[in-house]
Structures are given as C-alpha cells and as structure tokens.
Amino acid sequence: MGKNSEKSEYRVLLFDIDGVLVSQGGYRKAFTDTVSWFMNYFGFPEIQIGREFADRFDAYGVLAEWDMVPLTLSFFLDWYAENNPQARPFGKLEKLNNLPRIHPAMPFPEVLWQKIPQIQDILNGEDIPALAVYKHCLDQKDQSILPRLWDDSVLSELLADSLNVRSSWCFQKLETYILGSELFEKTFHIPTEKGIPSALMTVNKALLNEKYRKKILEMNGKSLYVATITARPNLLPACIKDDKTEIISAIPEAEIAMDELGWGDGRIKNVGVGILHYYEKKRDLPQDSRLKPNPFHALFAILYAISDSFEKTFNVVSTWDFPEKSENKINPFLPILPEGSMLDIAVFEDSLSGIQSATDAAKILQNYGYIAQTRRYGIYTNPEKAELMKTIGTNCFPTINDALDQYFPETDQ
C-alpha cells in the first residue's frame, strides 16, 4: 500500500512526542530549575516549588511551562508584598536581588497551591494564560487574583509580553534550561549563563525501540507516511527561511526528540506549535487556536506527511480553513489527495487531545468523499488520561512498542 498504488491508498502514522516517543520530565525539570534560580535570586533559596506544582497548573488549564514560570513569580511577589507592603513598588525584576526577609502568615508554596485553581476561570480562550491573567488584573485591579501587584510595572514585565525572548528574563532563563546554554545562544543569538545542560537532552530518553525506529524510518515516504503532532515548539521548514514573520515558538525542541530517536534532519516531519503559530499568525488567528484537539493539527500533519511539501500543505489547509476566500468550492484536498483515496490513519497518543484531533480529521476527509479510518492507540502514562481515551474507543498500551506490536501485524498484509 503506497502513494503510487492504483487505489491511491495511504497509511499514515501520527505520533505525539512526550510520553510516547520519548520519556517525559525534561520540561518539568526546566520549570523547577528556573523557579529555583529565581527564588535564589530573590534571597529565598529555602522555597522549593516541585514538579507537582507544574502538574497542578496543567490540571487547571495552564499547559506550557513558559506560562507557569512567570505566573509563579507573579504569585511570589504578590505574596511577598502582602507580608512586606513597604517593598512596593517593585519596578524591574532584575532589581529584586536578595529581598529583605519576611515573616509570612502562610508559606508561599501553600499560597501558590491555593491560587493555581483560580486561574481556570480567568482563561479566555484567546490569550495565552500569562496574558489572560495580566488583562484580568488590569480589569479587576485590587479585586484581581494579584491584588497587590496589579499596578506594579514588574507585573507588566512578567506577564504582558512573556514570550518575547528579547525582553522577558523569565523566558530567557526557562529556554536556557530547556535547550541548554549552547543551543540557546545558537538559536536566539543572546548571551546566557554558561554550562547549563539541556533538560530535554539529559532527562528525556527514547521510548521507541531500535527495531521500530529503523523500520518506520525505512518505510516512511514509501508504504508509510509519518509525522508528529506535538505541543512542543519546532523549527519552521527551510523553504520559508526568507519569510520575516517572527515566530517565538520556532525553537528546536521537537527536533531534539527527533535527534534522540535518530530521526533528525527532517526525515520525519514535525508539526508542532512552531508551524501552527506560523499558520495562525499568517492567517490572523488566535495563538493555539489550531492546536490539538482541534482537527486542524492532525489534518495538517496527515497532508504534510503525504505531500512532503510545506508550501503545498499550507495552501491546501488554508483553502479548507477559509473556503470563502477560495475559488475551489468542491474539494480543497485534491492537490494532495486524489479523489476517492483511501487513508488508514493511526494515531499514537498519551492523552485525549491528539486522539480527538486525528478522529475529527478523518471525519473531515470522509465528508469530501475519502475513505478514511482512524486506528487509535493510547499509551498508558496516566490512569485518568487512559480512561478518557477509552471513552472514544481507544485501545491503551503500556508502551509505544506494545502498541506497534499490534499495529504492524494488523496492517502489514
């Protein structure tokens, strides 16, 4: 079964990265290391914010560490101001080295634990969490979630433009821990603290065994069409290197995982938030609006894996996404998928979002006359996530290798 077969049949594999292809933990370590660095800077090295706080952020809708860090520091400074009102105004973050000691009514970790669930009601679905909290503070003032910090310029520095690597000290520190000093400077051309190893490289290890790494790589582009669907940042393809659109999430984090697997140098296509943010910015859409569970994420990955052309894929999905702006009113996918093509789409995920994205993408293709089916393989990293995946008919497996042990005998016929 392949791209050039008589029936135009395509076998597509879609992989999440963290918890599926590579082990988890690197991002959480970068979060805890970054917060610890700032707690030491503030003069409170005894305050330890462990990865359970990152998991709590995640549970209440703050999914990215680049939101978790500035929010944690904002809550810390609000807590500090409550216990030392004379410290205000704080001004610049860099001036807050070795703050005077205080005698708090409640330890900061307890306050943070209580505050995190309150963020969920502030999220607006359009802005990233840090910016949503910032807007909430400006609107609610001393009745906001940060009642002592809402009018301090340090809040603007922390939350208003938190993904600007040129101005956000938090973002610079976090990405240094994620990428490591050397790759950070190579990526952003900004000096940083030397000698910091990459948390993604030191903590996350390949889960996919050598047999399947080689097999999938050898079959890709022939009898299989493979891509990742990940919330990791990823680099933009070289074909648009002359495009001056600035995408802060065009960072080689997905590529680090591909290198670990021996799938680097673009041999397996990554569809992460770098590509999605590029599309959203070019189409004037809210950031993360096309991220899984939105079907766009899997649909882009399916077409990109088959076409092997970023520009063609971009144009095809734009035609589908904005049909009112296109002359093609019948089938926007014809430039990549011949009419009546059969697609066997297998998605390997550790959470519901990617499963849902792929399932809904197949339904979209069916609506245009394609014979599309989805095979859903859940990787059992968390009992609660596994139960959610099972609600839509997902078979769950202990590891990606166990899932592939079932996939290949079912499809290699």
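The values are calculated or read from the model by the stated rules, or taken from the named source; none is laboratory data. Given the structure is predicted, the values throughout are model-derived calculations rather than measurements. Methodologically, a virtual Cβ is constructed for each residue, glycine included, from the backbone with ideal geometry; neighbour enumeration extends over all protein chains shown.
Within the range 134-153, residues that are farther than 20 Å from ASN124 by Cβ have Cβ atoms under 6 Å from residues that are surrounded by fewer than 14 Cβ atoms within 10 Å (Cβ to Cβ) in these pairs: ASP152/PRO89; SER153/GLY91, counting only partners at least 6 apart in sequence or on another chain. Applying a threshold of 8 Å to beta carbon distances and a minimum spacing of six or more residues, or different chains, the list of pairs starting in the range 266-292 at a residue that is charged (D, E, K, R) and ending at one that is part of a strand (DSSP E or B) and crowded, with 24+ Cβ neighbours inside 10 Å reads LYS269/THR228; LYS292/ILE229.
All told, ARG232 meets the bar of being surrounded by 21 or more Cβ atoms within 10 Å (Cβ to Cβ), of a type in the set (Lys, Arg) and touching a helix residue (DSSP H, G or I) at 6+ places or on another chain (Cβ under 6 Å).
Go through the range 100-110 and give me each residue that's surrounded by fewer than 17 Cβ atoms within 10 Å (Cβ to Cβ) and not small (Gly, Ala, Ser).
Let us first name the residues in the range 100-110 that are surrounded by fewer than 17 Cβ atoms within 10 Å (Cβ to Cβ), namely 100-107, 109-110.
Scanning the range 100-110 gives PRO100, ARG101, ILE102, HIS103, PRO104, MET106, PRO107, PRO109, GLU110.
Every condition in (1) outside any helix (DSSP H, G or I); (2) within 18 Å of ILE306 (Cα to Cα) holds for ASN234 except the one numbered (2). Residue by residue through the range 38-51, note down the ones that are hydrophobic (A, V, I, L, M, F, W, C), more than 17 Å from GLU110 (Cα to Cα) and surrounded by fewer than 19 Cβ atoms within 10 Å (Cβ to Cβ). Scanning the range 38-51 gives a single hit, PHE42.
In this structure, does SER351 turn out to be crowded, with 21+ Cβ neighbours inside 10 Å, in contact (Cβ under 8 Å) with a residue 60 or more places away in the chain, in the same structural domain as PHE296 (by TED's automatic domain parsing) and within 18 Å of VAL12 (Cβ to Cβ)? When the stated conditions are applied, SER351 does not pass them.
Per the listing ARG148, ARG166, the residue uniquely assigned by TED's automatic domain parsing to the domain that holds LYS95, at pLDDT below 95, out of contact with any Phe, Trp or Tyr (no Cβ under 6 Å at 6 or more places or on another chain) and under 22 Å from GLU94 (Cα atoms) is ARG166. The residues of the range 52-97 that are surrounded by 14 or more Cβ atoms within 10 Å (Cβ to Cβ), of a type in the set (Lys, Arg) and either more than 29 Å from the chain's Cα centre (by Cα) or at pLDDT 95 or above (or both) amount to a single one, ARG88.
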